[in-house]
Amino acid sequence: MNYWIQGHLKPFWSKEDILSLNFENITSTKDIPEFDDWINLGYYPDKLHLSAEYHPFNDNPTYITKKIINWFLSEFSVKNVGCNYHKMQTDTVLPNHSDQYLKYTNLFNCDITSVIRVIIFPFEWESGHYFEITETPIVNWKAGDFVMWKGSTPHLAANLGTSDRYTIQLTGQQK
């Protein structure tokens, strides 16, 4: 299923709110099923995006996380919401892929077709920051712009700019 939409959420966070989070490099190449395919296509392993994430529930959730989750719950009528913050360093790429949601679907005993993902761009677009979904490029975003998709919709991300690229990622299940 390839379904997605764009929208806007009026930002209620500051740049400092996001930049002050304790991001950790937590993804390994073993967690990415497409990794070998990407290498065979010519991607350099050291340029592949190995996620720097902040999981707000490892600490006390901030008011921003609570407010974003409440927005997601009401805007998309979802349940079982997860929220992460991502930092993509310069000169990295996350090639075209479809999220598998293996941990999520096992934890909540649901089918991938019921999963909804939203990424919010918390800051204004900067040159070199890139997102693509179903072969549609998305650039020139404003702070608070978001993209929502269902299930295994293919997408990719890259940071060829000179500053880190941040996103807020929400995952939920249709009620």
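The values are calculated or read from the model by the stated rules, or taken from the named source; none is laboratory data. These numbers were taken from a predicted model, which means no experiment stands behind them. Every residue, glycine among them, receives a Cβ derived from its backbone with ideal geometry; neighbour counts consider all protein chains shown.
Details
- Residue within the stretch 97-112 that is touching a Cys at 6+ places or on another chain (Cβ under 9 Å) and farther than 15 Å from Trp4 by Cβ present: yes
- Residue within the stretch 124-139 that is aliphatic (A, V, I, L, M) and either touching a Gly at 6+ places or on another chain (Cβ under 9 Å) or closer than 22 Å to Glu24 by Cα (or both) present: no
- Total residues in the stretch 154-164, condition in contact with a Lys or Arg (Cβ under 9 Å, 6 or more places away or on another chain) and not in a strand (DSSP E or B): 1
- Cross-chain or 6+ apart pairs with Cβ under 8 Å, the stretch 24-44 first and more than 21 Å from Leu102 (Cα to Cα), then surrounded by 16 or more Cβ atoms within 10 Å (Cβ to Cβ) and modelled with pLDDT of 75 or more: Leu41/Pro95; Tyr43/Val93; Tyr43/Pro95
- Subset of the stretch 10-56 that is part of a loop (DSSP other than H, G, I, E, B), modelled with pLDDT of 65 or more and among the polar types (S, T, N, Q) - its residue that is nearest to the chain's Cα centre (by Cα): Asn22
- Considering only residues in the stretch 154-164 that are out of contact with any Phe, Trp or Tyr (no Cβ under 8 Å at 6 or more places or on another chain) and not charged (D, E, K, R), the one that is surrounded by the fewest Cβ atoms within 10 Å (Cβ to Cβ) turns out to be Thr162.
- Among the conditions (1) part of a helix (DSSP H, G or I); (2) touching a Pro at 6+ places or on another chain (Cβ under 8 Å), Tyr104 misses just one, which is (2).
Quick grid of which residues meet (1) farther than 13 Å from Thr92 by Cβ; (2) touching a Leu at 6+ places or on another chain (Cβ under 9 Å); (3) at pLDDT 95 or above:
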| position | (1), (2), (3) |
| --- | --- |
| Pro137 | yes, no, yes |
| Val147 | yes, no, yes |
| Gly172 | yes, yes, yes |
| Lys175 | yes, no, no |
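- Wholly enclosed strands (runs of 3 or more DSSP E) of the stretch 114-153 bearing at least 3 residues surrounded by 17 or more Cβ atoms within 10 Å (Cβ to Cβ) and touching a residue at least 60 places away in the same chain (Cβ under 8 Å): 145-150
- Yes/no for Gln100 being within 19 Å of Ile32 (Cα to Cα), surrounded by fewer than 16 Cβ atoms within 10 Å (Cβ to Cβ) and touching a helix residue (DSSP H, G or I) at 6+ places or on another chain (Cβ under 9 Å): yes
- Filtering the stretch 67-91 to residues that are among the β-branched types (Val, Ile, Thr) and either on the phi > 0 side of the Ramachandran plot or part of a helix (DSSP H, G or I) (or both) leaves Ile68, Ile69.
- Evaluation of Gly7 against (1) surrounded by 15 or more Cβ atoms within 10 Å (Cβ to Cβ); (2) of a type in the set (Gly, Ala, Ser); (3) modelled with pLDDT of 95 or more (one fails), failing number: (1)
- Test: residue in the stretch 57-66 that is assigned to a helix (DSSP H, G or I), touching a helix residue (DSSP H, G or I) at 6+ places or on another chain (Cβ under 6 Å) and surrounded by 14 or more Cβ atoms within 10 Å (Cβ to Cβ): yes
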